[in-house]
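Below: one structure, written as structure tokens.
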Amino acid sequence: MIFIEKVRHALLTQKILTEKEIEQYIQEAQNKDISLEEYLIQRELVPEDKLFQALAEEFHIPFVDLSAQTIDPKVLHLIPESIAQAHQVVAFQTTEKEIDVAVMDPDDIQTLDFIRKKTHLEPRPHLTTSRSLGAALKLYHRGIQEQLGTGGASRARRQEPVKPLDQLAEDLPVIRIVDTLLDQAIYEDASDIHLEPTDESVTVRFRVDGILHKVMTLPLETQHGVVARVKVLSKLKLDEHRLPQDGRFKINQNKVRMAVRVSIIPVYNGEKIVMRLLNESAQVLTLDGLGIVGKPLEILEKNIKKPNGIILVTGPTGSGKTTTLYTILNILNTSEVNISTIEDPIEYRIHGVNQSQVNPVIGFSFANGLRSLLRQDPNIIMVGEIRDPETAEIAAQSAMTGHLVLSTLHTNDAVTALPRLKDMRVEPFLIASTVNVVIAQRLVRKLCEKCKVEYDPSEEEQHGIKETLGVESIAAFASKESADPQKKSAVHLYRGKGCDECGGDGYKGRLGIYEILESTSEIREAMLQNKSTEQLREIAAKQGMRTMSEDGLLKALRGLTSIEEVFRVTKSDE
């Protein structure tokens, strides 16, 4: 979207509209929640070409009408289709050192920088209209359809592959589609790629910072080829369409090593693909880098140094449990200890750690794997997940016999993990004597540092925060958690306005909010006395345990995330 002041100045300079008319149209555009230029074009108040020619002069760049251009497909595909669609940019001409690109937003420096790095040419932006750009974007699909030979096929015909699957997987347009999707996902820092067939097309969605975004749609004709290509890369069976399949492959791009974990499952319209992207060249994280700070960090650092016991990480799927465990393993990983893991799946390779993959088909379960690991003379054991009573019992016995055991459990908070182990038929005395610490966590989106702004919450909003997060007074909580508790100050929160850096979302990256329960003598005694979950929670609160909601509020007050994010990830626990 072009900044409104640029549009206003261009309209006045070119004497297209008066100041009074512009003010009126700005107000009407805001009421409809659209940009000024969109409103002017929709209402036919200003011809589209005339408006954008005026804006091109305002930006001091050329104007181009792509409908009058013949674009070489090789030039068009210098910019991946997903980038072109998401950022409204098309390459239409090149010289030895430059690449001419048609854009809707000349201030999108991030996209121009990406084009510069990908093509090794200097981008020269030209302003164009949405109509002109839309016509050029259709050239991507036209080229794919022509090369696949299915441009005029009926819907019934398009359901069948036009070539043998092994040949279709090696077709250049199919390879280009898959490579483009992977390029775009890495560029967007996506964690997952979803390819979902519908009646009319294939929907592509990326999960970025935990939220799914629709990126583009592919022609239905590409479905068989794309599925076949992903199966070939993942070494899966090409002719299996009725059963789910899992695989993985690796890619190297600009010194970034990515492991891609693939899941394919049959659905009504074909086969759905989800690809999980795991950055193997990412820097090793630290506990404070994850977002564990202050007293909770001290508690955790003290407990991971113990030679035996259990460290549990709890939370729903996608809450970052495995990342926390890997971070702890990296801290403990020295030449003096033997570390072995049993995982499903192995997400990251850790140098110096013996990692084993569960394989239920041959009977290699968590419980069987854990028994085998105990014969490998380990000091530290990581069990990917405690899923059943047998695994829970063996893990507790292992901790009793001098091993440090790390694992995950599916509970909503830290305190509930202890009764959950009891439900798995682990004796209370074993839980009390082996569990060192329980970490419950969620992931929240971080506010973009470039565009976050401070604001004062209203009295009504403060009351809502107190009610929802269960704190008596936000100001008192802020003072208690402050480096200088005596200092009284006004309560400030933060929100992201949206900018080029964060793609207009106001968020960039993620961090954790945590609840860390230390197994103190009071907690152990309560377990032996079979105290209820609520009684355990009361004891933990008296000992000063910071809840996840409180940790989230603290990070919102410090400008790391927004209060809306804290509500979003904790509301399911209320």
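The values are calculated or read from the model by the stated rules, or taken from the named source; none is laboratory data. Not measured: the values here are computed from a predicted model. Cβ atoms come from the backbone with ideal geometry, glycine included; neighbour counts cover every protein chain shown. With ligands, DNA and RNA removed, areas are computed over all heavy atoms of the protein, side chains included. Shrake-Rupley method; radii C 1.70, N 1.55, O 1.52, S 1.80 Å.
For the range 172-196, a residue qualifies if it is within 13 Å of residue 209 (Cα to Cα) and crowded, with 23+ Cβ neighbours inside 10 Å, and the qualifying residues are 185, 190, 193. Of all residues in the range 50-73, which are part of a helix (DSSP H, G or I), open to solvent by 70 Å² or more (accessible area, probe 1.4 Å), over 17 Å from residue 13 (Cα atoms) and not polar (S, T, N, Q)? Once the filter is applied, which keeps residues that are part of a helix (DSSP H, G or I), open to solvent by 70 Å² or more (accessible area, probe 1.4 Å), over 17 Å from residue 13 (Cα atoms) and not polar (S, T, N, Q), the range 50-73 yields 68, 73. Listed by first and then second residue, the pairs with beta-carbon distance under 6 Å, at least 6 apart or on different chains, first residue in the range 47-69 and closer than 17 Å to residue 17 by Cα and at pLDDT 85 or above, second among the small types (Gly, Ala, Ser) and buried (at least 18 other Cβ atoms within 10 Å of the Cβ), are 54/10; 55/10. The set of residues in the range 404-441 that are assigned to a loop (DSSP other than H, G, I, E, B), over 15 Å from residue 523 (Cβ atoms) and open to solvent by 30 Å² or more (accessible area, probe 1.4 Å) comprises 410, 412, 425, 427.
Only residues that are at pLDDT 75 or above, assigned to a helix (DSSP H, G or I) and among the hydrophobic types (A, V, I, L, M, F, W, C) were counted across the range 149-198, and they come to 10. Inspect all residues belonging to the range 272-293 and state whether any of them is among the β-branched types (Val, Ile, Thr), within 17 Å of residue 414 (Cβ to Cβ) and in contact (Cβ under 8 Å) with a residue 40 or more places away in the chain. Yes: the range 272-293 contains one or more residues that are among the β-branched types (Val, Ile, Thr), within 17 Å of residue 414 (Cβ to Cβ) and in contact (Cβ under 8 Å) with a residue 40 or more places away in the chain. Could you tell me which of the residues 232, 256 is within 20 Å of the chain's Cα centre (by Cα), open to solvent by 20 Å² or more (accessible area, probe 1.4 Å) and over 20 Å from residue 359 (Cα atoms)? From the options 232, 256, the qualifying one is 256. Scanning the range 369-402 for residues that are closer than 23 Å to residue 440 by Cβ and either open to solvent by 50 Å² or more (accessible area, probe 1.4 Å) or assigned to a loop (DSSP other than H, G, I, E, B) (or both) returns 384, 385, 386, 387, 388, 393.
Name every residue in the range 82-111 that is at pLDDT 90 or above and open to solvent by less than 50 Å² (accessible area, probe 1.4 Å), in order of residue number. Correct list: 89, 90, 91, 92, 99, 100, 101, 102, 103.
Only one entry of 270, 247, 291 meets the criterion of being more than 21 Å from residue 348 (Cα to Cα), of a type outside the set (A, V, I, L, M, F, W, C) and surrounded by 16 or more Cβ atoms within 10 Å (Cβ to Cβ), and that entry is 270.
Per-residue answers, yes or no, for (1) touching a strand residue (DSSP E or B) at 6+ places or on another chain (Cβ under 6 Å); (2) in a strand (DSSP E or B); (3) without any contact (Cβ under 8 Å) to a residue 60 or more places away in the chain; (4) among the β-branched types (Val, Ile, Thr):
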position	(1), (2), (3), (4)
82	yes, no, no, no
99	yes, yes, yes, yes
112	yes, no, yes, no
131	no, no, no, no
134	no, no, yes, no
